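Visitor: My questions all concern the structure below.
The values are calculated or read from the model by the stated rules, or taken from the named source; none is laboratory data. Remember, predicted model here, so these are calculated numbers, not experimental data. Counting neighbours? That spans all protein chains shown, and the Cβs are built from the backbone with ideal geometry, glycine included.
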Amino acid sequence: MSRKQIAAANWKMNLTLQQGEQLLNEIINKPHEISENQLVIFSVPAPYLQMAQQKIADKKGVFIAAQNCFNKKNGAYTGEISVEMLNSLGIQFVVLGHSERREYFNESNSFLAEKINICLENNIQPIFCCGEPLSVRESNTQNEYVAKQLKESLYHLSADQLLKVVIAYEPIWAIGTGKTATSDQAQEMHAFIRKDLANVYGNDIANSISILYGGSVKAANAVEIFSQPDVDGGLVGGASLIADEFVAIINALQ
Ligand code: 13P
């Protein structure tokens, strides 16, 4: 996949089926141009994947993502979601390594590396989340922290595999807090991530990876954040649950 500008909604554990269906209807029926270099992705709760997939079936540049999947092919893992299941629904993306999964479900970098592998082996593109907690930002060691997440979960991949990964930088202190990173802070970290990728895979590969910013993105700040040269769109929580907000965020893509 060449570098795309991406507006990705992360509904997290919100909405009923009926509310989700209505929200999708409102967003996809609003006029917005999705150009060749842009994608819109809705990461919806697992029970709504099929509904959402059917709804966007004929929409060019629009995709549905799962919010998680397991690192095993199949078997006695009650409650988990396999990549085979996602394949059978036609799902092509999955969000992995969200800070909420790292925090509440103890997902480690090495466990995430296994999930990344099984996704790529089965043609599912991971949206890999990374980002530091407030204490790390306050001690100004965020670059080292994020570099470790990238190294331990991604850098075993071949260049061809890496090209299928979308990276989302989500500083934990900016998630759901209304406290957005400034566009300079976002650009600084995105440039660092791209340089780190370039050190391992070279400039061409690094310049082909989409790096999204996540953390209190809304209509009012999306244009400024997305205009940064190393920011290729956003992974949006709260504001993606409001049709007008998310449509404005889609329209803010460069
Ligand atoms: P908010 O946009 O609600 O801050 O959430 C960001 C996020 O976690 C997206 O994955």
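Visitor: Would you check which residues across region 203-214 are free of Cβ contacts under 8 Å to residues at least 60 places away in the same chain and within 11 Å of the ligand (Cβ to nearest atom) and list them? It would help to see each step written out before you state the result.
Guide: The first filter runs over region 203-214 and keeps only residues free of Cβ contacts under 8 Å to residues at least 60 places away in the same chain, leaving 203-206, 211, 213.
Passing the criteria: only Y213.
Visitor: Out of V217, V200, report the one residue that is of a type in the set (V, I, T) and away from the ligand (no atom under 14 Å from the Cβ).
Guide: Answer to the check: V200.
Visitor: So, in region 7-23, of the ones that are farther than 24 Å from G233 by Cβ and of a type outside the set (A, V, I, L, M, F, W, C), which residue ends up nearest to the ligand (Cβ to nearest atom)?
Guide: Across region 7-23, the extreme among qualifying residues is Q19.
Visitor: Please identify the pairs in which a residue from region 75-101 that is at positive phi has its Cβ atom under 7 Å from the Cβ atom of a residue that is charged (D, E, K, R), counting only partners at least 6 apart or on another chain.
Guide: Qualifying pairs under 7 Å: G97/E107.
Visitor: Something else about it: Keeping to region 223-235, report how many residues are touching a Leu at 6+ places or on another chain (Cβ under 9 Å) and without any contact (Cβ under 8 Å) to a residue 60 or more places away in the chain.
Guide: Going through region 223-235 one residue at a time, the tally reaches 1.
Visitor: Okay, moving on. Look through region 133-165, keep the residues that are out of contact with any helix residue (DSSP H, G or I) (no Cβ under 8 Å at 6 or more places or on another chain) and among the polar types (S, T, N, Q), and return whichever of them is nearest to the ligand (Cβ to nearest atom).
Guide: S135
Visitor: Against the conditions (1) buried (at least 17 other Cβ atoms within 10 Å of the Cβ); (2) in contact with a Phe, Trp or Tyr (Cβ under 8 Å, 6 or more places away or on another chain); (3) among the acidic types (D, E), where does E107 fall short? Just the number, please.
Guide: Condition not satisfied by E107: (2).
Visitor: For the structure I just gave you, tell me whether I127 is touching a helix residue (DSSP H, G or I) at 6+ places or on another chain (Cβ under 6 Å) and of a type in the set (V, I, T).
Guide: no
Visitor: Could you identify the single residue in N68, N87 that is within 16 Å of F111 (Cβ to Cβ) and at pLDDT 95 or above?
Guide: Exactly one residue qualifies, and that residue is N68.
Visitor: Regarding region 24-38, can at least one residue be identified that is within 18 Å of A66 (Cβ to Cβ) and within 16 Å of the ligand (Cβ to nearest atom)?
Guide: no
Visitor: Next question. Look through region 166-190, keep the residues that are in a helix (DSSP H, G or I) and either under 14 Å from V236 (Cβ atoms) or in contact with a Cys (Cβ under 9 Å, 6 or more places away or on another chain) (or both), and return whichever of them is farthest from the ligand (Cβ to nearest atom).
Guide: A186
Visitor: Hey, another quick one. Residue check, P229 against (1) away from the ligand (no atom under 16 Å from the Cβ); (2) touching a strand residue (DSSP E or B) at 6+ places or on another chain (Cβ under 7 Å); (3) not in a helix (DSSP H, G or I), all met but one. Which one?
Guide: Failing condition for P229: (2).
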